[in-house]
Every structure is written in C-alpha cells, then in structure tokens.
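The structure's right below; bear with me while I get my questions together.
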Amino acid sequence: MFRPICSRCQRPSGHCLCALIPALDSRTRLLILQHPSEARHALNTARLAALGLCKAELLVGEVFEDLPRLLECPGYRPCLLFPGEQATVLSRYAADDLPLLLVVPDGTWRKARKLLYLNPLLTALPQVTLNNVSASRYRLRKAPEPGALSTIEAIVAALDALEAPQSFSALLRPFEALIDGQIAAMGEAVYQRNHL
Ligand SMILES: [Zn+2]
C-alpha cells in the first residue's frame with residue numbers, strides 16, 4: 001500500500017510536522033552523525049533538529065570519509081558532544097571565544113562509542129558534555145541510562161548553555177507534537193501501562 005510521506009520531515013503527509021519546524025540561527029555550527037539504523041526510527045529527532053537549525057548538517061552513515069574536510073571549518077573549534085572522562089561541561093561563550101563546531105552522535109551512547117571506533121578522527125576531538133540534564137520529555141522509549149536525552153533535547157540543552165540568554169526551546173515544538181501524537185495513537189491506557 002502506498003502511503004505518501006512528506007519529503008522534508010519524512011512523516012506521513014497527514015501528519016507532516018513542517019509547519020512546526022522553526023528556522024533558528026545560532027553562533028554554533030552542528031554536525032550530526034547518524035547511524036543508518038537510527039534514520040529508520042519513526043521518531044527521528046536528529047532530523048527534526050537539523051531541519052530547524054540554519055547551521056546544522058545531518059549525515060547518515062557508519063564510516064564518514066568526508067570527516068577531515070568537514071572538521072576543518074575556519075573560525076570554529078571542532079569538539080564532540082560525548083560524556084567521556086575528560087569531557088568539559090559546556091558553558092556560555094566568552095566574548096572573544098571562537099564558536100564551536102559541535103559534532104553530535106545520534107542515538108544511544110553505546111552507538112556513539114561504535115561511531116567513535118569506526119571514525120578514529122572523532123576520538124581526537126576535545127569532548128564536551130552537559131551539566132544538570134533535566135528529565136527527558138522523551139517518554140516513548142524508556143531512557144536506557146539516567147540523564148539520557150533524545151538527540152534533539154541534547155542539542156537544545158547544549159545550545160541553551162552556550163548561547164544564553166538565547167533559548168532554542170522552539171526547536172522542540174515538532175518533537176513534542178510528535179510525542180503527543182504517538183501517545184494519542186497508542187492509546188492512553190497502553191501508554192500508562194508501559195511507560196509510567
Ligand atoms: Zn513535512
């Protein structure tokens with residue numbers, strides 16, 4: 001059976017989220033690296049994040065041959081969003097700081113580790129992490145570890161920390177609509193049983 005999908009947000013046409021996707025500018029550039037298995041998830045939050053930010057690029061793959069070229073970005077400091085032992089907590093830019101080229105692995109930290117293994121250039125990047133992560137609004141997949149956020153929530157938290165007082169919460173609008181729609185579709189009773 002043919003179900004038309006929106007070519008931009010890749011949702012079924014009747015559930016297109018494009019009207020809710022903002023076009024936010026930022027000082028920070030983002031490079032989101034997505035494993036092909038994540039691209040097939042109905043809740044592809046990395047894609048929503050990339051669509052809503054002017055300075056974000058999403059790449060899908062396992063080995064990223066183009067990485068040396070992509071990381072050489074004049075005027076930006078490349079770093080990896082990953083909670084390694086040496087990671088520094090993201091905080092607001094000082095006036096004379098070069099903005100970050102923030103490389104964001106999509107998916108769980110386990111998948112991110114695999115991505116680092118397959119792309120050794122990533123392991124050479126300074127690592128940055130988030131402070132005081134609030135509870136995820138991502139209620140559909142039980143978070144595998146405390147403080148685990150969906151990719152779009154992690155990106156909003158990172159940009160809010162770097163570029164305060166600017167807020168990037170508008171980026172979450174299509175994500176929240178998506179979650180509300182999914183919960184409505186599965187039925188409130190089933191949701192309560194499985195996710196609370
Ligand atoms: Zn759409």
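The values are calculated or read from the model by the stated rules, or taken from the named source; none is laboratory data. All values reported here derive from a predicted model rather than from experimental measurement. Don't worry about glycine lacking a Cβ; one is built from the backbone with ideal geometry, like all the others, and counts go over all protein chains shown. Note: areas computed on protein heavy atoms with side chains; ligands, DNA, RNA excluded. Shrake-Rupley method; radii C 1.70, N 1.55, O 1.52, S 1.80 Å.
From the list L102, L115, L130, L125, which one is at pLDDT 95 or above and either under 16 Å from the mean Cα position of the chain (by Cα) or loosely packed, with under 12 Cβ neighbours inside 10 Å (or both)?
Working: L115 fails: at pLDDT 95 or above; L130 fails: at pLDDT 95 or above; L125 fails: either under 16 Å from the mean Cα position of the chain (by Cα) or loosely packed, with under 12 Cβ neighbours inside 10 Å (or both).
None of the other options fit; the residue is L102.
Looking only at segment 4-28, filter to residues that are among the charged types (D, E, K, R) and more than 7 Å from the ligand (Cβ to nearest atom); which one of those is surrounded by the fewest Cβ atoms within 10 Å (Cβ to Cβ)?
As a first pass, look at segment 4-28 and keep what is among the charged types (D, E, K, R): 8, 11, 25, 27.
Checking which are more than 7 Å from the ligand (Cβ to nearest atom) leaves us with 25, 27.
Working: D25: 9, R27: 15.
Filtering segment 4-28 for residues that are among the charged types (D, E, K, R) and more than 7 Å from the ligand (Cβ to nearest atom), the one surrounded by the fewest Cβ atoms within 10 Å (Cβ to Cβ) comes out as D25.
Kindly indicate the residue of segment 33-57 that is open to solvent by 30 Å² or more (accessible area, probe 1.4 Å) and touching a Leu at 6+ places or on another chain (Cβ under 8 Å) and also farthest from V156 (Cα to Cα) among those meeting that condition.
Within segment 33-57, the first condition is being open to solvent by 30 Å² or more (accessible area, probe 1.4 Å), and the residues that meet it are 35-37, 39-42, 47, 51, 54-55, 57.
This time we only want the ones that are touching a Leu at 6+ places or on another chain (Cβ under 8 Å), so: 35, 47, 54-55, 57.
Numbers: H35: 20, R47: 14, C54: 14, K55: 13, E57: 15 Å.
That would be H35.
P68 passes all but one of (1) under 14 Å from T151 (Cα atoms); (2) more than 16 Å from the ligand (Cβ to nearest atom); (3) not aliphatic (A, V, I, L, M); which number fails?
Status for P68: all satisfied but (1).
Which condition number in (1) closer than 22 Å to S169 by Cα; (2) in contact (Cβ under 8 Å) with a residue 24 or more places away in the chain; (3) open to solvent by less than 70 Å² (accessible area, probe 1.4 Å) is the one that L71 fails?
If we test L71 against (1) closer than 22 Å to S169 by Cα; (2) in contact (Cβ under 8 Å) with a residue 24 or more places away in the chain; (3) open to solvent by less than 70 Å² (accessible area, probe 1.4 Å), just (1) comes out false.
Restricting attention to segment 88-98, which residues are in contact (Cβ under 8 Å) with a residue 12 or more places away in the chain, over 18 Å from the mean Cα position of the chain (by Cα) and open to solvent by less than 50 Å² (accessible area, probe 1.4 Å)?
Y93
Consider only pairs whose beta carbons are under 9 Å apart and that are at least six residues apart or on different chains; among these, list those whose first residue lies in segment 6-25 and is closer than 9 Å to P174 by Cβ and whose second residue is polar (S, T, N, Q) and more than 6 Å from the ligand (Cβ to nearest atom).
C9/N44
Taking the condition modelled with pLDDT of 95 or more and closer than 25 Å to E176 by Cα, does S37 pass?
Numbers: modelled with pLDDT of 95 or more: no; closer than 25 Å to E176 by Cα: yes.
Here the answer is no, as S37 does not meet what is asked.
Do the conditions hold for R92, that is, is it over 19 Å from L159 (Cβ atoms) and outside any helix (DSSP H, G or I)?
No; evaluated as a whole, the condition is false for this residue.
Kindly list, by first and then second residue, each pair from a residue in segment 41-62 that is among the hydroxyl-bearing types (S, T, Y) to a residue that is assigned to a loop (DSSP other than H, G, I, E, B) and modelled with pLDDT under 95, limited to pairs with Cβ atoms under 6 Å and residues at least 6 apart or on different chains.
Correct list of pairs: T45/S150.
Now a separate question. What pairs come up if the first residue lies in segment 142-163 and is more than 17 Å from R47 (Cα to Cα) and open to solvent by 10 Å² or more (accessible area, probe 1.4 Å), the second is at pLDDT 80 or above and hydrophobic (A, V, I, L, M, F, W, C), and their beta carbons are under 7 Å apart, counting only those six or more places apart or on different chains?
Pairs found: D160/F168; A161/L90; A161/L130.
Quick test for you: out of T28, T45, pick the one residue that is β-branched (V, I, T), under 30 Å from A164 (Cβ atoms) and modelled with pLDDT of 95 or more. Walk me through how you get there before you give the answer.
Numbers: T45 fails: modelled with pLDDT of 95 or more.
Just one listed residue meets the conditions, T28.
Is it the case that R77 is at pLDDT 95 or above and over 30 Å from L17 (Cα atoms)?
Details: at pLDDT 95 or above: yes; over 30 Å from L17 (Cα atoms): yes.
Yes; evaluated as a whole, the condition is true for this residue.
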